[in-house]
Structures are given as structure tokens and as C-alpha cells.
1. What FRET efficiency, computed as 1/(1 + (r/R0)^6) with R0 = 22 Å and r the Cβ-Cβ distance, is obtained for Asn276 and Gln41, rounded to the nearest 0.05?
2. I'd like the accessible area for Ser87, computed on protein heavy atoms only with a 1.4 Å probe and all protein chains in place. Round to 10 Å², please.
3. Please report the net charge: other residues with Cβ closer than 15 Å to the Cβ of Ala34, K and R +1, D and E -1.
4. Spelling out what I want: for every residue of segment 319-325, take phi, set θ = phi - 60°, compute 6.51 cos²θ - 1.76 cosθ + 1.60 (Karplus), and round to whole Hz; glycine and proline get x.
5. As a test of reading the structure, rank Trp212, Trp284 by solvent-accessible area (1.4 Å probe, protein chains only), most first.
6. Quick one: how many Å² of Met75 are accessible to a 1.4 Å probe, rounded to 10?
7. Would you mind checking which residues have amide H under 5 Å from Leu13's amide H? H placed 1.01 Å from N; only 5 or more apart, or other chain.
8. Through the Karplus equation 6.51 cos²θ - 1.76 cosθ + 1.60, θ set to phi - 60°, convert the phi angles of segment 189-199 into ³J(HN,Hα) values in whole Hz; use x for Gly and Pro.
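The values are calculated or read from the model by the stated rules, or taken from the named source; none is laboratory data. Only a predicted model underlies this, so the values are computations on that prediction, with no experimental measurement involved. Virtual Cβ from ideal backbone geometry, glycine too; neighbours counted across all protein chains shown. Side chains are part of the model used for accessible areas, which takes the heavy atoms of the whole protein and leaves out ligands, DNA and RNA. Shrake-Rupley method; radii C 1.70, N 1.55, O 1.52, S 1.80 Å.
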Amino acid sequence: AKIADKFALIRSLHHDVGIHSDGGIIALTGKRPAKLDPTSQSKSEHPDFGHVASRVLGFSRGLPPYVTMPQHPYMTQPTYLGLHHESFQIGDPSGEGFSVGQLKLNAGQDAKQLSNRRGLLERLDNLRREIDANGQLEGVDEFRQLAYQMLSSPEAASAFDISQEADDLRDKYGRNVWGQSCLLARRLAEAGVPVINIYCNTPKNGQEFTNWDDHPGNAQRPGHFAKYMQIRLPYLDECLSTLINDIYERGLDKKIMVVVVGEFGRTPKMRFGPPNNSYGRDHWPQAYTALVSGGGFRMGQAIGATNRNGEYPVENPLTPQDLLATVYHHLGIDHKQAFLDYFGRPVHILPSGDVIKELL
């Protein structure tokens, strides 16, 4: 709250799918799945905004265009853009001695082995191309070339080296998966990585503050409404306020755009019910909020509004497509351009949506 001049709240986002995976697909790709899966096991038929950025912007100085941590969104995949546009997943950066092992090469023997292996792979690839008539493995070749770029890039190795940050700043972000992910995200964005997606979903190693799903019976006991909220909010407040301040203090507020959003909101009313007779709030895509900071946009404002019960937008209703169009605008990507799908049909990056004008 003390830094409200450095962020904007978009209070009138809405869509119509209250399923985790399918709602996530809408939020990340801007496209509504043709068939909904209430078990939340569905996978996207279209690439998400990070895959699109990878396709349009590509590698720079060996830096991957799309990084996810501590895990990648399980419901999205690069689909028809190709395997080589999948995100570079680096895991949890909060552990002691964290390093991205793929980016470390010892001088001398390791480098020589890399060169020898590359030569051998190139000869095998030439042989395989003569056999592979349909070109289905083309993406694997490109993925391998990108891997070599990263392995040989000092810029990439430095950007991922979170140990270069001062201990007091690391403490300020929080020595946990959220805090260190935000800090590493700032390092990567500063170095030139276009998209970093911090996706905390399933609790790991007892870190239950990664879960937000506070509906009745979900890891709660009677009389303990929002147990997760009580655990998580201090971590989120700590890392997010530090990230935003850090970006502004470094003069990166035009270069870096921060977006904090989920796949939907929560019901305006609490419900009491099974399986353990507890209170909670269910899925509610009809109205939810996103926080935006930086990006050279106008901050210190609330955009849109819901009715008095927080049920539905009544002022400036906006969609996930509008938010994604704004993200693409910041990245310098025309969201109206199209790519060819598996059948050679043009598919627009977004089927609808406009840049949120109040932010401009």
C-alpha cells in the first residue's frame, strides 16, 4: 500500500471459465479452449504469450527469450510454434548453492568435449536429415542450436548467477521460492530476457504458501478460513513490494513490466461445506483483479470497478485478451499478426483485445 503510486490495479477483468487449467489457458494464451475439462488436466491448443515472444523476439546474446520458475504452467505448450520455443525452466532459486547447471562449463576439457560433441552431432544430423522425409524433428535441431548458444554465452551465465546479488537485498526479497524468484526475474529482465513467468502452483517441500486455492475443504480446518492466505500474504507483500521498489530505484520502470494475475478470482461470498466442513471461497471468473507495475505505463490508479458486492464489472469491463494485448504492446509485438498452425491455417496471436488505454 505504501508504494501504490508505482502500480495500477485492473479491477474489472472477467471471463466465463471457472476451471483451473482452462482458465489458465485463457489467461496465458487469450484463447478459449474448444472443449473444457472440469478435471483441470487440459493442455493448450495454442502457444502462450511467452512462446509467442520466443517466436517473435528470439535469442539475444545467448539469453533464452522465455524463462519459467520454479515450474512452467502445466496447461500451456508451444504447439505449432515448435519445440524450441518451450520455456527454459530453472526450478526453485531459493535453495543454498542454487545454480543453473546447464550454463556452467569448466575451462579446458569440458569446452573441448562440447566442441567435439557438436561436431559429432552435426554429422549425425546430416545423416538423419537424409532419412527424415517429413521434417518432424526440425524443432529439435533448432532447440539444440539454442542450447549451444546458452552454453557458450558469458552473458547468460552471469544473468542467472543470483549469488552476485548482495546478501541484504536477497534478505529483503525473502529467502524463499517467491522472493528469490522475483530477484532472479529482475536480473534476467535487466539482462534482456523478454518474458519471465513465476508460476507457483503445487506446494513443494512443505512450502504450502505456493498454493492459493482456498475453497472449502482444501487443506483447511473448521475455523481456519484462509489459512493459506495467512501464510502466503506476508511472503507476497515482501517480495512484490521489494521487486517494484527495486525496479524503480534502478531506473528500470520503463524497461520492465510486472504483471500479477491468476486464472480467475474468488466468489464474493464464503461457503461452508465438505469434505471437512470448513469455510472457503470458490472459483469466480466473473470478476477479478490484476496488478500492473512499470512498463512505462501510468501508475497510481485503479481501472474499472465491480458492483457493490464484487460480483460483476459495472465500469470499464476488461478481458484477459485486453491485458495480454497490453503485455504484447510493451514487448513491441503486434498482437494482430498471425502464425500458421499444423494445418497451414493462419491463427492470430489474439482473437480479440485492445491495449488498456488508461495505462497509456
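1. Working: r = 24 Å, r/R0 = 1.11.
For R0 = 22 Å, the calculated efficiency reads 0.35.
2. Around 20 Å² of this residue is reachable by solvent.
3. Here the count lands on 0.
4. Along segment 319-325, the couplings run 10, x, 5, 5, 5, 5, 4 Hz.
5. Per-residue accessible area, sorted high to low, gives Trp212, Trp284.
6. 10
7. The list, which skips near neighbours in sequence, is Tyr288, Ala290, Leu318.
8. Per residue, the Karplus-derived 3J(HN,Hα) values read 5, 4, 6, x, 6, x, 10, 10, 10, 8, 10 Hz.
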